[in-house]
1. Among 24, 101, 35, whose Cα sits farthest toward the positive end of the charge dipole of the chain (+1 at Cβ of Lys/Arg, -1 at Cβ of Asp/Glu, about the Cα centre)?
2. Just to confirm a number: summing +1 for Lys and Arg and -1 for Asp and Glu over residues other than residue 29 whose beta-carbon lies under 15 angstrom from that of residue 29, what do you get?
3. For 83, 45, give the ranking by accessible area with the largest first, probe 1.4 Å.
4. Around residue 97, under 9 Å between beta carbons, what's the net of Lys plus Arg minus Asp minus Glu among the other residues?
5. If the rule is a partner Cβ under 4.7 Å, which cysteines in the chain fail it?
6. Run the dipole for the chain about the Cα centre, Lys and Arg Cβ at +1, Asp and Glu Cβ at -1, nothing else charged, and hand back the magnitude in debye, nearest 20.
7. For the chain, which whole percent of the accessible surface, found with a 1.4 angstrom probe, sits on carbon and sulfur atoms?
8. Accessible area per residue of the chain at 1.4 Å probe, in Å²?
Amino acid sequence: MTQIIFLPHAELCPDGAVLEAQEGETVLDVALKNGIGIEHACEKSCACTTCHIIVREGFDSLGESDELEDDLLDKAWGLEPESRLGCQAFVQDIDLVVEIPKYTLNHASEDH
């Protein structure tokens, strides 16, 4: 099995986490089934940026992002070269180290 190491996030996983993942699962699904409540406003349909993650190690093992994901990521808060949408980052056979950004842009839940 592949491991996903989630770096500490003040609200979602203050102590960080080391989780087991099966090849073909998304990083978002692994997080959610293990109690890490990463936002996913579009219900994992690649239509928003709320599940934005930064892959600190193992980035090259993920499949290439498509044009839709790239277009969405351009709108993500804190975009970095190793940014992906958690709903589109499919685990392979290489361990990952993932950071959940401090902020997300969720227009459905922002208070205006």
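1. So the residue we want is 35.
2. Working: positive: 33, 44, 84; negative: 20, 23, 25, 39, 43.
Local charge sum for residue 29: -2.
3. Details: 83 5, 45 70 Å².
Ranked list, largest accessible area first: 45, 83.
4. Details: positive: 56; negative: 57, 95, 99.
Taking every other residue near residue 97 into account, the sum is -2.
5. Isolated Cys, the chain: 13, 46, 51, 87.
6. Values: 6 positive and 24 negative charges, 72 e Å.
I would put it at about 340 debye.
7. Roughly 48 percent, rounded to a whole number.
8. Roughly 56 Å² per residue, with all protein chains present.
The values are calculated or read from the model by the stated rules, or taken from the named source; none is laboratory data. It should be emphasised that the depicted structure is a prediction, and the values quoted were computed from it without experimental measurement. Positions of Cβ are backbone-derived with ideal geometry, glycine not excepted, and every protein chain shown enters the neighbour counts. The protein model used for the area step is the full one, side chains on, heavy atoms only, and it has no ligands, DNA or RNA in it. Shrake-Rupley method; radii C 1.70, N 1.55, O 1.52, S 1.80 Å.
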